[in-house]
1. Within region 55-65, is there a residue that is more than 30 Å from residue 446 (Cα to Cα), modelled with pLDDT of 95 or more and buried (at least 18 other Cβ atoms within 10 Å of the Cβ)?
2. Every residue in region 497-516 that is under 30 Å from residue 457 (Cβ atoms), assigned to a loop (DSSP other than H, G, I, E, B) and open to solvent by 20 Å² or more (accessible area, probe 1.4 Å), please.
3. Which members of region 91-142 meet the condition of being over 13 Å from the mean Cα position of the chain (by Cα), within 23 Å of residue 415 (Cβ to Cβ) and of a type in the set (D, E, K, R)?
4. Going through region 302-360 one residue at a time, which ones are of a type in the set (Gly, Ala, Ser), under 26 Å from the mean Cα position of the chain (by Cα) and farther than 30 Å from residue 429 by Cβ?
5. Answer with yes or no whether residue 358 is open to solvent by 10 Å² or more (accessible area, probe 1.4 Å), touching a strand residue (DSSP E or B) at 6+ places or on another chain (Cβ under 7 Å) and under 30 Å from residue 128 (Cβ atoms).
6. Touching a Ser or Thr at 6+ places or on another chain (Cβ under 8 Å), modelled with pLDDT of 95 or more, assigned to a loop (DSSP other than H, G, I, E, B) and within 30 Å of residue 303 (Cα to Cα): which single residue out of 470, 476 fits that description?
7. Would you mind listing the strands (runs of 3 or more DSSP E) fully within region 48-89 where at least 1 residues are more than 26 Å from residue 297 (Cα to Cα)?
8. Could you list, in sequence order, the residues of region 512-526 that are charged (D, E, K, R) and out of contact with any Lys or Arg (no Cβ under 7 Å at 6 or more places or on another chain)?
Amino acid sequence: MRKMKRNRFAPKLLAPMLWLGLASATTAQDYDLVILNGRVMDPETMLDAVLNVGIKDGMISKITSSAIEGDKTIDAKNLVVAPGFIDTHFHALDGLSLKLAALDGVTTGMDLEAGAIHVGEWYAEKDKGWPLNYGTGVSQQMTRMRVHDTEIDTSGPHDVTSIFELLGKSMQDGTPGWSVSRSNKDQMNQILQYLDEEFRQGAIGLSSTVGYMTQGVTTYEMFKSQEAAARYGRLTGAHVRFHGNPSNPEGPLGFSEIFANAIALNAPLSLSHNNEYGWWENEEKLQAARKQGYNVWSEYYPYSAASTAISAEIFHPEKFKVLSGGLPYEEVIFDPVQDKFLTQAEWEKTSAEHPERSIFAFNRKRDDWLPYWLRMPHMIVASDAMWSGKGIDSWDLDPTEYVGHPRTAGTRGKVLSAARENGVPLMFTIAQMSYWPAKHLGDTGLKAMQARGRLQEGKVADITIFNPETVKDNATYTKGEQGLPTSGIPYVIVSGVEVVSQGEFNLDAKPGKPIRFPVEAEGRFEPISVEGWTD
């Protein structure tokens, strides 16, 4: 792909005057939905004014200071009318967790870190009806499972809602091949051919959790996997090696590997949850690359604890000593099901009995780092929202029944509240949650994102309406409170349809649209060979 021009977050002072100047020429007409008297904010044009918004056929048809009427009306006085929040690290793929994300202002949720396999079938399932816009990358982890754990049935679509079950099955023979087995030439070609087919089917990018496969994935396999995505101009979203390692050089090395590959391939790169030791170095490199025209960025979520499978290799004693910086298990590992911190003996017992369970791993330094992340350009907000385990039909369950990380329910509320307390301009925060994710994904050629993340005429009517003075998160790490919804977000609109209205989730609304690349007639797979290595 071609290098992108540098994108500056610079005020365009004439934009509000242009909008208001044109307003006098508008004429009243009927719309499907009108939003009146709201503070309309658009980070791309720097529009910030009290205006009316008319929506027709799922699109923003008019933004004006003139009076307009519609079939439905929302009075947004004293509220902000913003582009819908876009989450690129989104595992909330069951009813309850997705509802909590919607109540937190999300209009588009894409899993670009863990991803899915058989993505054509994955999209076909969601196409039957989904509340939010949806998208996925192809899972490197489960693709390796197709090759290195052939005893497991991996047919049909799989994503984070089934991956933990597959991980458990991979352990039954004593060897999780997806994690520890190194690929020979034929196995690597099979993996790359599988990846290529997923890109042909429209996968948004390569979703890499190489941080859980440090023993199995060689640097060459990682490079060739990123290259497979780059042939289509697709991004790599990466949970890198050594993520969480609090030492130097180990901490930043995992990012440097993925980053060097992206630069060599001139390919898009999204660094997943850049919220651990060395994040400042990673950000400096990303900024330098963007100045040269590369389409690279990172993400964060505003919590001191991570969440992942209890059986992850990083929690095994020898690696845990490094990860924790010498702290004992009972100061780091929290089990939300048992609602307590675990000793090493309790971790060993629970991980053996419930290897699929998600736990919290605390790093208190994140609290000190958060004020910097709130001000970091192109460091987007992405929740890493976890699914509840309650099943796809859990839409009407009470939020108190959610067991999992509070980031699913509270990420946007927590960011907006923290930004307000730290004096961060609201326009900047909206850019982190709406515009920059849409901008970077749109620059990969993803047309659906070129029409979102903006509050402009002619764009898709994905809109989040919130109270800038009162919006706040309520979810905590305590059992029963982990899914308490964010307050201060009364309306969430997807393609012109109210998914959240007056603070209530609409169980019947299914306006979500697929976010994907077009299916191509032919693939672009190029096998590796000894001749190729020595050419």
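The values are calculated or read from the model by the stated rules, or taken from the named source; none is laboratory data. Quick caveat: nothing in here was measured; it's all calculated off a predicted structure. Don't worry about glycine lacking a Cβ; one is built from the backbone with ideal geometry, like all the others, and counts go over all protein chains shown. To get the accessible areas, we keep the full protein, side chains included, count just its heavy atoms, and leave off ligands, DNA and RNA. Shrake-Rupley method; radii C 1.70, N 1.55, O 1.52, S 1.80 Å.
1. So far as region 55-65 goes, no, none of its residues is more than 30 Å from residue 446 (Cα to Cα), modelled with pLDDT of 95 or more and buried (at least 18 other Cβ atoms within 10 Å of the Cβ).
2. Scanning region 497-516 gives 502, 503, 506, 508, 510, 513, 516.
3. 99, 104
4. Across region 302-360, the qualifying residues are 309, 311, 312, 324.
5. In short, yes.
6. Answer to the selection: 470.
7. 59-64, 69-75, 80-83
8. Once the filter is applied, which keeps residues that are charged (D, E, K, R) and out of contact with any Lys or Arg (no Cβ under 7 Å at 6 or more places or on another chain), region 512-526 yields 513, 516, 522, 526.
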